[in-house]
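Written out below as structure tokens is the structure these notes cover.
Nothing in this text is a laboratory measurement; each read-out follows from the coordinates by a stated rule. All values derive from a computational prediction rather than experimental measurement. Don't worry about glycine lacking a Cβ; one is built from the backbone with ideal geometry, like all the others, and counts go over all protein chains shown.
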Ligand code: SF4
């Protein structure tokens, strides 16, 4: 079978969008207003993965349109990018009621969409925003974002090799000046990571993985024994600053997407 062309990938991504918009795989379909597939350049070198849609995203069907989205756009502008030049998605495509933590069953039902998005977009760098996406995509349900932010890791995700770059969630940084400073510093490292040719060279070796396998065999399955833990104030913990700064609550982190 010949390798998929760029046109094939674009068509597949659109088909996946339509599938998500009518998805009923988990109970969240019953309470959402609109599913949020994600948006941006389908050939983006940089992809962001957050946790789940919030109120505004659910209303508009677009990711990161609230205050956190504005901050994300500002951070992108500082490195010479616009949101149209990247791809922005979430682990869950439908909003949990009242922005509650995603449940393991919801993640299990929804994560194949994310692996497929990654396989089709083939980003060079995947920025995970906050604890939740970081723990899922790194396959490490224990180590929190405070420890791993700003540390690039190489992973195979959706059959595609990319650099995973965990950073604080913009919604959390909105409340904590020291965290915002760290977020800006981590963001400033993105241009160098995007220029790293070694990732692009490694990717084709795995690009021929069957699409079905990418959908049905997520790289990092969740199990009851190893649930991905939603972000907590404790895990966000004190930012790496000399002054003690109060960590935001989980509700604060999740309420301003
Ligand atoms: S959260 Fe994901 S699996 Fe659940 S209904 Fe929405 S799109 Fe489907």
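Shape class of the stretch 64-123 from the Cα gyration tensor (axes a ≥ b ≥ c, square roots of the eigenvalues): oblate, since a/c reaches 1.5 or more and a/b does not exceed b/c. Ordering 138, 7 by the number of other Cβ atoms within 10 Å of each residue's own Cβ, fewest first, gives 7, 138. Nearest 0.05, what FRET efficiency do residue 98 and residue 143 give at R0 = 41 Å with Cβ-Cβ as r? So, using R0 = 41 Å, E works out to roughly 0.90. The fewest-to-most ranking of 110, 23 by surrounding Cβ atoms within 10 Å reads 23, 110. The stretch 117-141 and the stretch 157-194 have their alpha-carbon centroids 11 Å apart.
Ranked highest first by the average count of other Cβ atoms within 10 Å around their residues, in what order do 155-167, 120-132 fall? Write down the numbers at each step before the final one.
Details: 155-167: 23.0, 120-132: 25.9.
Put in order of decreasing packing, that is 120-132, 155-167.
Pairs of C-alpha atoms in the stretch 39-139 farther apart than 24 Å represent 17 percent of all such pairs. As a proxy for reagent exposure, 14, 73, 57 were ordered by neighbouring Cβ count within 10 angstrom, fewest first; the result is 14, 73, 57.
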